[in-house]
Amino acid sequence: MLVHTRPMQPILAILTGGTSSERDVALQSAMFVEEQLHTIFAIRVYDFPKDIERFLHERSTIDLAIPLFHGVGGEDGTIQGFLKTLHIPFLFSDVEAQAIGMNKALTKEILQKQNIPVASSLILFSSDRTPAYQGSCVIKPLDGGSSIGVTIAHTEEQFKKGLEEGFRWSKRLMIEPYIKGREFTVAVIEEAQKLIALPVIEIRSKHAFFDLESKYDPTLVEELCPAPIDEELASQLKRLAIDTHRAIGAKHLSRTDFIVDIEGKPWALEINTIPGQTKNSLLPKAILISGRTLGAIYKGWVEDLLNR
């Protein structure tokens, strides 16, 4: 008599937490992704760094890792290099693309060479002399995310305070000219070996810009998806998002943020190689509006990696 046994579910390890300023967001992302995947796969969650020893002890039973970190230590290639050393396959971009995406200056340099429009910028180290204020500008940590430490300065006093705030979070800052316009973001996913740009989202924050508080308090922001823009601009933004994803060598998913100035020209601001995946995040919203589910998208990526 033949006995039909159900194939065992692959065991996936969600690695999350970390020590960056975005730790809490990473934990929320991990919680939401686990909710979407637990009926498809066997899921284990490891909160780094406290669960590193448990992870190492159990690593031989793990089929694949999902690094759900945001910021330095998880979205900069560090954790990806760790997983490669252990020969554990993982989702999302490899070491190099993660490191590029986290370094805003390096990202800009690569995008410029690909004719993707980016604003000019000045890199400032904490040991440098304070430059003179030269007009409205944006000050941001070179290696940060979730808009933490970002300031828009329209006066010399705001400029000095912005530098102070930025250096609280990073030893390197990027100063860009302020571009007045509308904020948009476009997520890109890989589906059946093809790059797909998801519906464009327009972000209308009640604050001066889409800061950390706005990102996770729905009363402070409108996130319009699909964005109320003409098809020509939507297509342009989608094309630029795919070009940006490809330019840095990203894999599986990314999300590129844009400003469209008052003359209608889009400017790429930055790319997120592991964008937020909380229940209030932009990526899940775009996936839902596109008619897809997060679980199905992850299932495709996991099966593709495990079947190689």
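The values are calculated or read from the model by the stated rules, or taken from the named source; none is laboratory data. Small disclaimer: the values here were computed from a predicted structure and weren't measured. Cβ sites come from the backbone with ideal geometry, for glycine too, and all protein chains shown count toward neighbours. With ligands, DNA and RNA removed, areas are computed over all heavy atoms of the protein, side chains included. Shrake-Rupley method; radii C 1.70, N 1.55, O 1.52, S 1.80 Å.
(1) open to solvent by 60 Å² or more (accessible area, probe 1.4 Å); (2) modelled with pLDDT under 95; (3) part of a loop (DSSP other than H, G, I, E, B): which one isn't true of Thr219, the others all being true?
Result: Thr219 passes all but (3).
Give segment 229-264 a look and list any residue that's open to solvent by 30 Å² or more (accessible area, probe 1.4 Å), of a type in the set (A, V, I, L, M) and in a loop (DSSP other than H, G, I, E, B), or say none.
Ile229, Ile262
Kindly indicate the residue of segment 164-176 that is out of contact with any strand residue (DSSP E or B) (no Cβ under 6 Å at 6 or more places or on another chain) and touching a residue at least 40 places away in the same chain (Cβ under 8 Å) and also most open to solvent (accessible area, probe 1.4 Å) among those meeting that condition.
This residue is Lys171.
Looking at Glu96, is it over 22 Å from the mean Cα position of the chain (by Cα) and modelled with pLDDT of 95 or more?
Spelling it out, it is not the case that Glu96 is over 22 Å from the mean Cα position of the chain (by Cα) and modelled with pLDDT of 95 or more.
What residue, of Thr293, Thr273, is touching a residue at least 40 places away in the same chain (Cβ under 8 Å), among the β-branched types (Val, Ile, Thr) and open to solvent by less than 10 Å² (accessible area, probe 1.4 Å)?
One residue alone meets the criteria, Thr273.
Only one residue in Ile175, Ile148, Ile196, Ile179 is under 27 Å from Gly74 (Cα atoms) and part of a loop (DSSP other than H, G, I, E, B), so which one is that?
Sole residue among the options that is under 27 Å from Gly74 (Cα atoms) and part of a loop (DSSP other than H, G, I, E, B): Ile148.
Considering only helices (runs of 4 or more DSSP H) fully contained in segment 1-106, which possess at least 3 residues that are in contact (Cβ under 8 Å) with a residue 60 or more places away in the chain?
23-37, 95-102
Quickly run through segment 131-152 and pick out the residues that are free of Cβ contacts under 8 Å to residues at least 40 places away in the same chain, open to solvent by less than 70 Å² (accessible area, probe 1.4 Å) and more than 20 Å from Asp257 (Cα to Cα).
Scanning segment 131-152 gives a single hit, Tyr133.
When both residues are 6+ apart or on different chains and their Cβ atoms are under 9 Å apart, which pairs have a first residue that lies in segment 113-130 and is exposed (fewer than 11 other Cβ atoms within 10 Å of the Cβ), and a second that is assigned to a strand (DSSP E or B)?
So the pair list comes out as Ser120/Glu176; Ser120/Pro177; Thr130/Leu124.
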